[in-house]
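The values are calculated or read from the model by the stated rules, or taken from the named source; none is laboratory data. Given the structure is predicted, the values throughout are model-derived calculations rather than measurements. Ideal geometry is used to build each Cβ from the backbone, glycine not excepted, and the neighbour counts take in all protein chains shown.
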Amino acid sequence: MTDRKLILGIESSCDETAAAVVANGRDILSDIVASQADFHRQFGGVVPEIASRMHVEAILPVIDQALEQAKVKLTDIDAVAVTYGPGLVGALLVGLSAAKGLAYASGKPLVGVQHIAGHIAANYLADQELEPPFLCLVVSGAHSHLVIVRDYDEYEVIARTRDDAAGEAFDKLSRAVGLGYPGGPLMDKAAIGGRVDAFPLPRTHFDNSLDFSFSGLKTAALNQLNKLQQQAQREQKSWMDIISLQDFAATYQHAIVDVLTSHTMEAADQLNIKRLVLAGGVSANSALRRSMTLASADRGLMLTFPPLNLCTDNAAMIASAGYYTWKKRGTSDMSLNAVASLEL
Ligand code: KG4
Ligand code: ZN
């Protein structure tokens, strides 16, 4: 008898269909991600109906590939972990139905996983020594949270965004400047080597709260772009001849990173927490990783962030979170349903 538990993780909350096998929440045996981004690009964002349909086509081949790459059979798996929210409900249902079907057919337990908990758990795969408690900045396409991870699967959200998420702010400006979807990585790349003070941008901070707000910053950048475009039209040139795309992207990215870093550092100071972790798609941002690394070194904080492939949506993180949820709270039953706005 071995206490090595193999978890099959399944993720389909947005536009990646993913399956992975992870041992004891820490060792990745396989990690398969089929991205639909190329199909949604022409629409400038994720189209929910297309996402659901494409998940249906991809889910079983992706699961087969994950088992094959891990060199295991379904009978070797100890539990099936699946994202049941938050996310697009039609997309979530595809992964959830597949997970229920596999769990039922094989007699293995089913474990429902909250997607943000999955993003946080990506760090358990990145750093084998990492254990709670720690402070985590979760920044994705839909969330910007500061979370105290008190224990495995025990979270306290101490700050959240009051309007747009950081990823959303990247995606909207990327579309506006013509870079397209998904915006974060494209803006990140466009900003390399650019000036970070090409035009003024506001930073929103609230009294007695570490909550985020990115809508003022986003609107100011859109207004600036509008002004540049009008001036360019008058002068019969491109707005990028007035401020380069590189400088525009770097200035905008810098303002977002500045707010994320300052709130996170203030939380660490206030709570006297020395262990810091980044999670979610935006934690792939090179400027954010750099800024957090410098600020953490200044304060003597220990910082972890996942490798790029584990920052954005994947199923290895769901399998890891599923392992700890299973240990802490047991299994889910077959009545588990998709919840579009599931809280952490
Ligand atoms: O966590 P994620 O893959 O999906 C959600 O759960 O939302 O995050 C996706 C978000 C998108 O907004 C994407 O533009 C952003 O993460 N993102 C980035 C970078 N890579 C992905 N944002 C900034 N810089 C990046 N390098
Ligand atoms: Zn995500």
Practice item. Please indicate, with yes or no, whether at least one residue in segment 259-268 is in the same structural domain as GLY183 (by TED's automatic domain parsing), closer than 24 Å to TYR124 by Cα and of a type in the set (S, T, N, Q). Key: yes
Check your understanding: Within segment 324-336, can one find any residue that is under 21 Å from SER144 (Cβ atoms) and not basic (Lys, Arg)?
Key -> no
Exercise for review: Kindly indicate whether any position in segment 227-245 is touching a Cys at 6+ places or on another chain (Cβ under 6 Å) and surrounded by 16 or more Cβ atoms within 10 Å (Cβ to Cβ).
Suggested key: no
Exercise for review: Any residue in segment 172-201 that's under 24 Å from VAL47 (Cβ atoms) and within 11 Å of ligand 1 (Cβ to nearest atom): show its pairings with residues that are in a loop (DSSP other than H, G, I, E, B) and charged (D, E, K, R) at Cβ separation under 8 Å, as long as the two are six or more apart or on different chains.
Suggested key: LYS172/ASP164
**Study point:** Criterion (away from ligand 1 (no atom under 16 Å from the Cβ) and not in a helix (DSSP H, G or I)) met by exactly one of GLN236, GLN229, GLN224
**Key:** GLN236
Point to revise | Some residue of segment 34-42 being crowded, with 22+ Cβ neighbours inside 10 Å and not basic (Lys, Arg) | key: no
Practice item. Restricting attention to segment 288-338, report how many residues are part of a loop (DSSP other than H, G, I, E, B) and closer than 21 Å to LEU8 by Cβ. Key: 13
Exercise for review: Given the conditions (1) in contact with a Lys or Arg (Cβ under 9 Å, 6 or more places away or on another chain); (2) assigned by TED's automatic domain parsing to the domain that holds ARG26, report the number of the one that LEU96 does not fulfil.
Suggested key: (1)
Revision key, fill the gap. Scanning segment 15-72 for residues that are touching a strand residue (DSSP E or B) at 6+ places or on another chain (Cβ under 9 Å) and on the phi > 0 side of the Ramachandran plot, the one farthest from ligand 1 (Cβ to nearest atom) turns out to be LYS71
Check your understanding: Restricting attention to segment 194-215, does a residue exist that is assigned by TED's automatic domain parsing to the domain that holds SER262, within 16 Å of ligand 2 (Cβ to nearest atom) and at pLDDT 95 or above?
Key -> no
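Quick grid of which residues meet (1) touching a Ser or Thr at 6+ places or on another chain (Cβ under 9 Å); (2) of a type in the set (Gly, Ala, Ser); (3) modelled with pLDDT under 95:
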site	(1), (2), (3)
ASP78	no, no, no
LEU92	yes, no, no
LEU102	no, no, no
VAL111	yes, no, no
ALA117	yes, yes, no
ILE120	no, no, no
Review point. Of all residues in segment 280-317 being of a type in the set (Val, Ile, Thr) and within 14 Å of the chain's Cα centre (by Cα), which is farthest from ligand 2 (Cβ to nearest atom)?
Key: VAL282
